[in-house]
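Reading through the structure tokens given below for one structure.
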Amino acid sequence: MKLLILGATGNMGQRLLAQGLARGHAVTAFVRNRAKLGQQLGHATPQGLTVVEGNTDDAAALRAAMTGQDVVINCAGYVGDGPAFIALVDRVVTQAEAALGPGGRLWLFGGAAALDVPDTDLMGADLPGVPALYRAHQTNARRVAASSLDWSMMCPGPMVASASGEARADLRVSRDVWPFQPPGITRWLPRVALSLAFKQHMPELVVSYDDVAGVLLDHLAPGGRFSRARVGVALPPGQRGEKVYQQGGKTVKVG
């Protein structure tokens, strides 16, 4: 298939590029800095890779790069950018509709806060204690759901580098809801209890960039299991991951 990766030099974009080429896809990398990608690759442009230098702020450049592709994958943007991230995703969706037409295949990234709480009408972003910045994922999910595209939104929790560099095949993968079942009957639990359950299960959501790239590439085709859906991923039952990162000037540890 012909894949366009927006943000191909980022942590996720690099993994998708490498795994996509390894699977025999024709990959176009849309990057702001061709030289940076060249440094990351460390050698001549691999067979099957086309590099397009451009800016995701440029709607015309996005549309031109998307035209003729089988699948567009957006890895660009960062939720911490707030309104700018929402505007970027809106621009990507708008240009994908124009370039690919109704039913065009688009993958994009959100976060676990954009998944529904099982058996409720709540998203994780609606729960108390979930940082407000993650509501951007909720907004983006609603934007792409209103489009005519055959879209999928990958919604992982915290991601880390894989120790082996390989994608594992034993993840729990869910459609639209948390990839774990919280205790009790969720529709009767108060929001604060649901928020506590979300926090307690968060270490199960710590997966690797390689894992997530593998799941995405397994479901590229249109009309599949995750057509017009959000996708949750978690480690196998009983396994927990760990990640330490900075958020809002504070050190946050998961796991």
Residue in the stretch 52-71 that is open to solvent by 30 Å² or more (accessible area, probe 1.4 Å), more than 18 Å from Ala221 (Cβ to Cβ), of a type in the set (Lys, Arg) and within 21 Å of the chain's Cα centre (by Cα) present: yes
Looking across the stretch 92-126 at residues that are modelled with pLDDT of 95 or more and part of a loop (DSSP other than H, G, I, E, B), the single one that is most open to solvent (accessible area, probe 1.4 Å) is Pro102
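Quick grid of which residues meet (1) among the acidic types (Asp, Glu); (2) over 24 Å from Val160 (Cα atoms); (3) touching a residue at least 24 places away in the same chain (Cβ under 8 Å):
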site	(1), (2), (3)
Arg23	no, no, yes
Thr28	no, yes, yes
Gln39	no, no, no
His43	no, yes, no
Ala76	no, no, yes
Val93	no, yes, yes
Determine whether Thr139 is open to solvent by 50 Å² or more (accessible area, probe 1.4 Å), β-branched (Val, Ile, Thr), over 17 Å from Arg230 (Cα atoms) and modelled with pLDDT of 95 or more. no
Would you point out the residue of the stretch 142-172, among those that are in a loop (DSSP other than H, G, I, E, B), hydrophobic (A, V, I, L, M, F, W, C) and closer than 23 Å to Asp81 by Cα, that is modelled with the lowest pLDDT? Ala161
Pick out the one residue from Val79, Val31 that is crowded, with 22+ Cβ neighbours inside 10 Å and farther than 21 Å from Leu149 by Cα. Val31
Checked against (1) crowded, with 16+ Cβ neighbours inside 10 Å; (2) in a loop (DSSP other than H, G, I, E, B), Val231 satisfies every condition except (2)
In the stretch 41-64, which residues are modelled with pLDDT of 90 or more and polar (S, T, N, Q)? Gln47, Thr50, Asn55, Thr56
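The values are calculated or read from the model by the stated rules, or taken from the named source; none is laboratory data. If you're wondering where the values come from, they're calculated on a predicted model, not measured in any experiment. All Cβ positions, even for glycine, are placed from backbone atoms using ideal geometry, and neighbour counts span all protein chains on display. The area values use the complete protein model at the heavy-atom level, side chains included, leaving out ligands, DNA and RNA. Shrake-Rupley method; radii C 1.70, N 1.55, O 1.52, S 1.80 Å.
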